[in-house]
Every structure is written in C-alpha cells, then in structure tokens.
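Working notes, structure below.
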Amino acid sequence: MKTKSNLYRKESYYGYLFVLAPVLGFLLFTMYPLLYSLYGSFTDWDGLGRMDFIGLANFKEIFADEQFHKAGFNTIFMMIGIPIEIILALLLALGLNRKMFGTTAFRVVYYIPVISSLAAISILWQWAYNGDYGLVNQFLALFGIDGPNWLTNKYTVKPALIIMMVWKNIGYSMLLYLAALQSVPKDYYEAASLDGANAFQTFKHITFPMVKPVTFFIIVTKIIGGAQVFTEINIMTSTGGPEYSSASVVFYVWQKAFGNLQMGYASAMAMLLGLFIFVITLVQFKMNERSSRDLE
Amino acid sequence: MVKKKGLLSVFVLMMSLVVVLSACGGKDNEGAQGNKTESQEISFMFRGAPEEQKAYEATVKKFEADNPGVKVKIITTTGDQYATKLKAAITGKSVPDVFYFDPGDLRAYVNGGVLKDITEYVKDVNFDNIWQYGVDIYRYDGDNVGQGSIYGLLKDVGPFALGFNKNMFEAAGIPLPDKDKPYTWDEFIKVNQQLTKDNDGDGKIDQYGTGFNINWALQSFVWSNGGDWLDETNTKVTIDDPKFAEALQYFADMQNVYKITPSIEDAATLDTYQRWMKGELAFFPVGPWDLATYETLPFDYDLIPYPAGSTGKSATFVGSLGIGVSNSSKSPELAAKLVTYLTASPEGQQQLVDAKVQIPNLIDMAETWAANTETKPANKKEFLDIVQDYGKPMPNTLTYNGEWYQLFFTDIQPVLDGKTTAADYVKSQQPKMQALLDKAIEQEAKSKK
C-alpha cells in the first residue's frame, strides 16, 4: 500500500510538472485577463486611470445603444456565410475525393487562402472591390454589368465581406470534409450499390451521416469565429462601413476601448459577447447530443 | 489526501514560478534605478509611412551619434495600428519613454498620469522660433488646453492646403486662380464646371473639377461659412445652425447638382487621390506629407486658399502630432532631450525636412524653405499662412474623446447621395451627437478627480 502510494505520488508529481507550463500559461494569459475584464465591465474605467465601480450601469447602457444593435445585427447577418461555406466545402470535397487528374493541385489551390495572412488578403480584396479599377467590377463589365463600389455602399458591403470570408475559409472546411470522406468504409458504398441505391440516396444515407461529426465541428467553430470577426472589417472598412453597416461587435468593442477611452464599457460588451458564444455553443452541443441519440 | 497534497504542491510551485517570472521582468528596471546616473537606454515608439519611418530612424541614429553612450530602442507600427498598440502599452503599464500622441488625447493622458510634464526640461528651447500653434496645443493647465505646462512638443504641423493642376487651367485657357484672393463659392463652381469635361468625345467625362473627401474637406466649407461643430465653450454641438447646413448642402451639391466631381460610387478617397495623381482633377487638397509623393506628378501644381463662403475668408484645418515623454520613464531628462532634438533642434529638423516628410517646425528654417520657389509647389508660403494665420484644429481634438464627431460622419452618406437634405440631417443628428458629447464631458470631469 505504502510503496504503491509513493510511486503514485512520484509519478503524479512529474505529471503535474508536465502540465504546469500550459496551466500556468492559461492562468496568466487567459484567466487573469478574463477576470480583470470581468471586473472592468462593472466600472467606468477609461483604460488609463482609476476604475470606479458602477455596478450594472454599463450593461444597462448597452441595451439602449443603437450602435451596439447595429453591430450585433451585422455580426449575425454575416454568419450567413457559414451555411454557404459548409455546403460549398462539402461539394468541393466530394469532387476532389475522386480519382481524377489534378485533384492534388486543386486541393492546394483551395487551401492557399487559408494559410495566407488575413490582413494581406483583406488588402487584396479591398483592391478587388474597388469601384473603378477593381478586378470584380472589371470582370462584371465583361458581361456588361456596371458593378457598384462594393465597400462604400451599405447594401453591398456585407455581401462583399461574406463572399471574401467564404473564399478565405472554404479550404479549411474542405480539408476536414476530405479527411472525413476518406475514412468512410468502402464496404458501405459497395453494399449500397448492390442494393441499387442511386447517387443521391448514397449521399443521403451514407455520406452525410458519416461526416456529421465534422459538420458539427465546423458549425461550432465557425459560429465562435464568426461572432468574433474583426480583422477583415477593420482593414476593408476602417470606419465601420457606410452608416455603420459593416461594423461587427468586436469592431465596436475595439473602437470604444482604444478609440474612445471607454475600456469599462467595452469590457461589458466583450462579456456579453462571451456569454452569447458560450450559450450558443452549449445549445449546439445539447442539440447534437439529442440528434445522435435519435440516430441510434 | 495524497491527491490534495499534490494539488497543493502544484499551487506552491506555480506561485513561486510567478514570483520568479515577475522578478525577472523587474530586473531591468532595478538596474536602471540602482545606477546613480540615468539609464542610457530609452525607447521611442512612433508611426508613419515607410519614407517617414526611414527619415526618423536616420534622425535617431544621428541623435545617438551626437550623444555617445545613448541607445534608443525604436518601436514602429503602421499608422492604423498605432493607437491600439499605444493604448495597450498604457493599459499594461509599459509605456515607451518617448512616443507620439494625438493632441486630442492630451487631456486624457495628462489626467490619467500617462504623460510627463516636460516644461522644466525644454526651458532651453527658443519658442519664439517655433509655430505657436504647435506649442500651445500641447499646453494644459488642468482645465484648459493652450495654457500652462508643456506635455509634449510638435512632431510637425500639418496645414491642409488646396492644390490645383496648373496644366489643366492652361490647356483650357482659363486664367490661373489668384493665390491671395480666394474664389467665392459661386466662382468655384463655375470654374469647376468649365474644367469638368469629356476630352476625347466618347461621351465619358475624362476630367473633373474636384473630388473632396468629406472627412477632411467639409471643415473648410463649414468654417468659411461661419459655421462650426462646437460652440466656443466646446460643450454644445452646433451643427443645427443654418450656416452649417448651408455649407453641408453646398458640399453635397457639388456632386448631385453641379456634377463637378466623380460620382459618389466612384468617390472613395483612394480613387480621387489616384485621379488627382493621374491629372484628372483640377483641384485637390495637398498636405505637406504628400510633397515627396507629388514630386513625380506628371503635371505642374500649386497651392491656393480654399474657396470662401459667406464670411469671405478662407478656412482649413491644421493637424498635428505630439511627441511626449512617459510619466513612468526612468530617464525623463534623456527622453526629453530626444524630444527636443526631433522637434526643435536645427540638426534634427534639417534631416527631417530634407527627407521631405514635413514642413519645418522652426520658423526661420520654414521661411527659407518656402522662399525657394524653384521646387514644387511654388506657393509653399500658403502652408505657413495656414499655420500662422487661419488654420484651425479639428473639432474632435477639442473634447475628451471624439465619439460625437465620428457619429457625424458615420451617418452622412444619405446626405451625400442627395437622399436627405443637409437641413434635415443636422437637425436629426444634433441630439445624438450632443448626448455623446455630454458623456465625454462627464468622463473628463471624472478623470480629473
């Protein structure tokens, strides 16, 4: 008994030592700022000097804040890109999963935007969307269409950003789907073809259920990422777009905190955003659990 | 039991590591303090376009050479990242010794204990030879900007003048504008209409009169018409004044009624800037920071005063950027020395002026520079007139924060598109802006406590 516990203790000691670095990193760089920001959200802190406790006043103000509503709406609206991206990525993966000449090259081509710097891509697309000289409008002109100045028009700025984000991220989802498709056992398809299933039936009853965990993973991570969209908006529409039509919540948080000396208010918004993401993710997990149970 | 002990030891270990880590972090500072003499190493954070960064780096090198043993650690960022990085540094209490700051942030930084009062360190500077405007906006006595202690010196002043394409006037046979007598608004429209035309007869307009960006040019029209964003006490938003609305309407009408600018869809800043550079615009604003770029323009240009509204006087803004010293600097004297070297010493200024990134801060040097009509633009004196006589600071720099001012431009598009009249817009926008301004005033009062 005693020797066993000694051994156990020694082993666990080294075990703890190994996890120390990440745990310490988490405490210092995640937990501490999080708690600091949580406290900040209850103060009227300007980011420079004293923090005076003002209770829930910041949160009350947020609910009446027109700009926040706009930014919240924009953020959710731009998530339209998520289902588009998932469908396109799955179709692409299905296509590139065949034994065809040049599929490897195509996989690389679609993945390149994913590994490129978001800032660089944003600048490139900013040029592409330029109303006068932009690639997009030059392309449209080939078909006799007079394209708008995408980023300075409040009706086109959000679609423009969505298109760019889908383009940027599609390779990532595609790669995940490719991996999932390749792990589907071949005998399922053989059985299905023996039973005389057509392509659509095969997809519906075999492929789609088999890649469901990947779909779930993509949806969850995309929504978390989508709620925090910032860089492309900051670069492509540096003032939040015409009539604030492309500002996201994080953009507004950043403006308040670093532009207008309202760190406390910004912290409160960040807390709400964090809560929103947490709840949405929780709901998704619950839903996934239930539907997996139904499948069984 | 065993498990508990394990957790405890982990906790102890972590705490000790935190202590060790923070001790490491503090080492540099202790060394500096231990020394009787000041530390010979200071940090300098600034921003700018690539040519500007190069010019400043070279000037700092010269400073190091002139002060043996001194080492300046340079931290640079691009313009749009600067504010975020600086504010993060302030929040994290690791402010660089010397750094750029916006005059609009002066009060917040002084009240928040970020900026150091450098009055005693800059006693030797000959302020008679420096633009008074650029010195006064960095003075603050706790209540008013413009008097009291000095919290920074001007990196530069940025008079925003109006340029015109000389060749275009000559080609059209129109007399050149007078550099001393501004156009009236009506004259300005007329001349622009004459210059907006289709040169090759393909039905598409090849050259326009002008193309202003509302963020940087509306001020001139509003001020020269007797309007303003704020009243004299800087506590009331006055955009609902008819004079203001008239100027805004005039600005929008250049586009919608008189058609002297590229269409709204084409008028993003980059485009009008590019059009001017290609020689497709007759009038375009010119800042001193553009001079190096404009050297290669394929046409001759010069400076004139902006057209004058009902006051009969031309108006425009003067920007500025301050260089200050951190309140927590371990070697404030050396830091202030770098500030004066960059902003007020003939050696430092000469280097920066030669790099063509700014107009001289020193008046005698600036006058020599402006008197040289060989280099473009010939009428450089207009820049100096703006700084000395009629330029004004941007309204957002007069208040604790500029949120109220931002809101004005956020919702302006329908006015520019001609879908809302200026009069309706200013009426609906004034209360919203006033509410934000009130909040800023409240914030300022709190920060003083």
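The values are calculated or read from the model by the stated rules, or taken from the named source; none is laboratory data. The model shown is predicted, which means the values in this text are computed figures rather than measured ones. A quick note on method: Cβ atoms are made from the backbone with ideal geometry, for glycine too, and the neighbour counts reach across all protein chains shown. Surface accessibility is based on the protein's heavy atoms, side chains included, excluding ligands, DNA and RNA. Shrake-Rupley method; radii C 1.70, N 1.55, O 1.52, S 1.80 Å.
Scanning region A:50-64 for residues that are in contact (Cβ under 8 Å) with a residue 60 or more places away in the chain and not aromatic (F, W, Y) turns up A:M51, A:I54, A:N58, A:E61, A:I62.
Among the helices (runs of 4 or more DSSP H) contained in region A:182-274, which hold 2 or more residues that are closer than 30 Å to B:L407 by Cβ?
A:212-227, A:231-236, A:249-254
Note down all Cβ pairs under 8 Å where the first residue falls in region A:140-151 and is within 13 Å of another protein chain (Cβ to nearest Cβ) and free of Cβ contacts under 8 Å to residues at least 40 places away in the same chain, the second is open to solvent by 90 Å² or more (accessible area, probe 1.4 Å) and among the β-branched types (V, I, T), and they're at least six residues apart or on different chains. Listed by first residue and then by second, the contacts come to nothing, as the list is empty. Of all residues in region B:422-436, those that are closer than 16 Å to A:K256 by Cα and either at pLDDT below 95 or within 12 Å of chain A (Cβ to nearest Cβ) (or both) total 2.
How many residues does region A:1-55 hold that are more than 11 Å from chain B (Cβ to nearest Cβ), open to solvent by 100 Å² or more (accessible area, probe 1.4 Å) and touching a Gly at 6+ places or on another chain (Cβ under 9 Å)? Counting residues in region A:1-55 that are more than 11 Å from chain B (Cβ to nearest Cβ), open to solvent by 100 Å² or more (accessible area, probe 1.4 Å) and touching a Gly at 6+ places or on another chain (Cβ under 9 Å) gives 0.
Filter region B:339-368 down to the residues that are part of a loop (DSSP other than H, G, I, E, B), among the polar types (S, T, N, Q) and either at pLDDT below 90 or within 18 Å of the chain's Cα centre (by Cα) (or both) and list them by number.
Matches in region B:339-368: B:Q358, B:N361.
Residue by residue, here is whether (1) part of a helix (DSSP H, G or I); (2) polar (S, T, N, Q); (3) within 14 Å of another protein chain (Cβ to nearest Cβ) holds:
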site: B:A88; (1), (2), (3): yes, no, yes
site: B:P96; (1), (2), (3): no, no, no
site: B:G104; (1), (2), (3): yes, no, yes
site: B:V110; (1), (2), (3): yes, no, yes
site: B:D117; (1), (2), (3): no, no, no
site: B:Y121; (1), (2), (3): yes, no, no
site: B:D128; (1), (2), (3): yes, no, no
site: B:D143; (1), (2), (3): no, no, no
site: B:Q147; (1), (2), (3): no, yes, no
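For B:G142, the criteria (1) at negative phi; (2) modelled with pLDDT under 95 hold in every case but one, which is (1).
Residue count for region A:144-197 satisfying the condition of being modelled with pLDDT of 90 or more, farther than 17 Å from A:I86 by Cα, open to solvent by 70 Å² or more (accessible area, probe 1.4 Å) and hydrophobic (A, V, I, L, M, F, W, C): 1.
To keep it simple, each residue is scored yes or no on (1) closer than 30 Å to B:E280 by Cβ; (2) open to solvent by 20 Å² or more (accessible area, probe 1.4 Å); (3) out of contact with any Cys (no Cβ under 9 Å at 6 or more places or on another chain).
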position	(1), (2), (3)
B:N129	no, yes, yes
B:G134	no, no, yes
B:I137	no, yes, yes
B:Y140	no, no, yes
B:Q147	no, yes, yes
B:L162	yes, no, yes
B:L176	yes, yes, yes
B:P182	yes, yes, yes
B:D186	yes, yes, yes
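Within region B:165-172, is there a residue that is of a type outside the set (D, E, K, R), within 14 Å of chain A (Cβ to nearest Cβ) and not in a loop (DSSP other than H, G, I, E, B)? No: region B:165-172 contains no residue that is of a type outside the set (D, E, K, R), within 14 Å of chain A (Cβ to nearest Cβ) and not in a loop (DSSP other than H, G, I, E, B).
Tell me, yes or no, whether region A:24-41 has at least one residue that is assigned to a loop (DSSP other than H, G, I, E, B) and either of a type outside the set (D, E, K, R) or within 16 Å of A:V253 (Cα to Cα) (or both). Checked region A:24-41: at least one residue is assigned to a loop (DSSP other than H, G, I, E, B) and either of a type outside the set (D, E, K, R) or within 16 Å of A:V253 (Cα to Cα) (or both). Screening A:I235 against (1) more than 13 Å from chain B (Cβ to nearest Cβ); (2) in contact (Cβ under 8 Å) with a residue 60 or more places away in the chain leaves a single unmet condition, (1). Only one entry in B:D156, B:D180 is under 18 Å from the mean Cα position of the chain (by Cα) and of a type in the set (D, E, K, R), namely B:D156. Just name the residue that is farthest from the other protein chains (Cβ to nearest Cβ) out of those in region B:411-421 that are surrounded by fewer than 20 Cβ atoms within 10 Å (Cβ to Cβ) and of a type in the set (V, I, T). Looking at the filtered set, the residue picked out is B:T421.
Give region A:109-132 a look and list any residue that's of a type in the set (V, I, T) and open to solvent by 80 Å² or more (accessible area, probe 1.4 Å), or say none. Give the derivation first.
So in region A:109-132, the residues of a type in the set (V, I, T) come out as A:109, A:112, A:114-115, A:121, A:123.
Residues satisfying the conditions are A:V109, A:I112, A:I115.
The residue pairs whose first member lies in region B:40-66 and is of a type in the set (G, A, S), whose second member is surrounded by 14 or more Cβ atoms within 10 Å (Cβ to Cβ) and assigned to a helix (DSSP H, G or I), and whose beta carbons are closer than 6 Å, counting only pairs six or more residues apart or on different chains, are B:A55/B:L352.
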